[in-house]
Amino acid sequence: MEKSCVSSTFGSGTGTQVSLESGPEEQTQTIKLQAFQPLAVTLRLPDNVIFWEEPQLVHWSSSLMQWRLDGFLDVQYDEEEKTMSFKTIVFGSFAFVQDKYVNLPFQSWELHPVNANTVVFTLITANIDLEFEIKDSFVRLTKPQDKQQLLSVLGNWYLPWQLIKALKQVGLNVFPEEDAVKYVSIKPKIEETELALYQNMAVTSSSISYGWSKWNCTSGRDKIILRAVEHSMDDPRVNKEQWSLLMVTNRRVLKLKMKEDADLFSEEYMENLPYHGTIYHLMAKINTDEADANISDGFNYNLIDTVYQMISATKIISYC
């Protein structure tokens with residue numbers, strides 16, 4: 001299991017990726033613990049980091065150049081006091097570690113335009129509901145507002161890479177890296193198809209709302225299923241009957257006849273919309289003139305790039 005950690009020499013530090021190992025040295029440490037009088041230690045978890053589960057305690061082995069699980073006795077975690085007590089004869093750097101991808105896979109997501117320059121991106125996980133506001137080249141976290149550890153980040157405008165870094169530092173990681181597929185139970189989509197879709201979603205994000213589909217995770221690697229609907233600035237309300245269900249492959253995009261709440265999946269598509277190479281061209285065919293004008297005449301390249309960076313960093317198509 002991939003772990004992220006907060007390290008300390010009886011204190012706190014920056015988060016990093018660690019690999020946990022145990023082996024023959026663990027037996028040696030156990031013998032030493034039994035032979036010598038261990039030191040009783042209590043460490044307090046940092047207040048500015050979210051711990052989603054009971055953390056594991058590890059120490060750094062300078063001889064092996066890796067984090068170790070061994071060398072501790074009578075480990076006790078007090079969730080209310082946010083402390084961990086233990087006995088050890090090991091001295092040096094200690095760390096609290098937890099599952100790096102505890103918030104993956106996602107439960108749902110949606111992308112909604114507010115105006116020609118602003119888009120709202122919502123991301124629902126098993127542990128937390130997130131809302132990001134994307135405006136031109138910048139993005140900020142707007143929800144939740146009840147997490148003490150997120151107050152230093154909440155409401156501040158960042159470039160995408162700055163926000164990603166800030167969230168990871170407080171223990172909120174919703175940005176799967178290349179190795180995440182080894183630790184999260186998903187069936188990833190074909191990368192080229194997924195990235196091309198993110199580009200088209202970003203280009204049309206000022207006029208089209210997009211959302212997750214329950215059929216996506218069972219459609220196979222070569223098919224992506226998502227919902228889409230034209231967003232009216234005059235009437236921003238969208239009911240479930242207005243959403244179209246789209247199927248995206250590496251060759252074409254189809255508008256399906258079925259709705260999201262259907263009992264069975266069907267690839268039957270609308271005969272009057274037989275073939276389009278991208279979502280951009282499909283939506284241009286079925287959009288109103290107002291929506292087409294917003295997309296083609298009002299390209300906000302900074303907004304497009306920022307939306308693309310956020311949805312490609314979270315990899316919502318493969319991880320939801």
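The values are calculated or read from the model by the stated rules, or taken from the named source; none is laboratory data. This is a predicted model, so every value here is computed, not measured. Neighbour counts run over all protein chains shown; Cβ positions are idealised from the backbone, glycine included. The protein model used for the area step is the full one, side chains on, heavy atoms only, and it has no ligands, DNA or RNA in it. Shrake-Rupley method; radii C 1.70, N 1.55, O 1.52, S 1.80 Å.
If DNA, RNA and ligands are ignored and the probe is 1.4 Å, what is the ranking of 138, 94 by accessible area, most exposed first? Please list the in-between numbers first.
Values: 138 95, 94 0 Å².
Largest accessible area first, the residues go 138, 94.
If amide H atoms are built 1.01 Å from N in the plane of the peptide, which residues on other chains or at least 5 residues away come under 5 Å of the amide H of residue 93?
Those lying under 5 Å, H to H, from residue 93 are 60.
Could you check the spin-label model distance between residue 218 and residue 65? Points 7 Å from the Cα along Cα→Cβ, value in nm.
4.9 nm
Which entries of 143/214; 168/255; 87/143; 223/257; 165/189; 182/257 show an alpha-carbon separation above 28 angstrom in the structure shown? Don't skip to the end; give the middle numbers.
Values: 143/214 24 Å; 168/255 37 Å; 87/143 40 Å; 223/257 16 Å; 165/189 26 Å; 182/257 35 Å.
The answer is 168/255; 87/143; 182/257.
Find, among the GluC sites (Glu not before Pro) in segment 62-159, those assigned to loop by DSSP (not H, G, I, E, B) with at most 13 other beta-carbon atoms within 10 angstrom. Please list the in-between numbers first.
Values: sites: 79, 80, 81, 110, 131, 133; in loops: 79, 80, 81.
Answer by residue number: 79, 80, 81.
Which percent of the accessible heavy-atom area of segment 161-200 goes to carbon and sulfur, probe 1.4 angstrom?
Taking all protein chains in place, segment 161-200 shows 50 percent carbon and sulfur surface.
Given points 7 Å out from each Cα along the Cα-Cβ axis, report the residue 267 to residue 187 separation in nanometres with one decimal.
1.3 nm
Please compute P(r) over all alpha-carbon pairs of segment 51-123, binned at 10 Å starting from zero, and give each bin as a whole-number percent.
Answer for segment 51-123: a P(r) of 15, 31, 21, 14, 13, 5, 0 percent.
Over its Cα atoms, what ratio of radius of gyration to 2.2 N^0.38 Å does segment 25-168 give? Mind dumping the intermediate values first?
On the way: Rg = 20.4 Å, N = 144, 2.2 N^0.38 = 14.5 Å.
Here the Cα radius of gyration is 1.41 times the empirical estimate.
Give the share of C-alpha pairs in each 10 angstrom bin for segment 127-247, from 0 to the last occupied bin, in whole percents, shortest bins first.
For segment 127-247, the binned pair fractions read 10, 32, 39, 19, 0 percent.
Rolling a 1.4 angstrom probe over the protein heavy atoms, how many square angstrom per residue are accessible across segment 137-254?
With all protein chains present, segment 137-254 gives 50 Å² per residue.
Would you mind computing, in nm to one decimal, how far apart the modelled labels at residue 179 and residue 76 are, each placed 7 Å from Cα along Cα→Cβ?
3.5 nm
Under the 0.36 nm per residue contour assumption, what length would be gained going from the current alpha-carbon distance of residue 47 and residue 107 to full extension? Show your work: numbers first, answer last.
Values: separation 60, 0.36 × 60 = 21.60 nm, distance 2.73 nm.
The residue 47-residue 107 span can extend by a further 18.9 nm.
Accessible area per residue of segment 81-128 at 1.4 Å probe, in Å²?
Details: 1560 Å² over 48 residues.
In whole numbers, segment 81-128 has 33 Å² accessible per residue.
Where the centroid of each part is defined by its Cα atoms, how far is segment 55-134 from segment 297-320 in Å?
Answer, in whole Å: 25.
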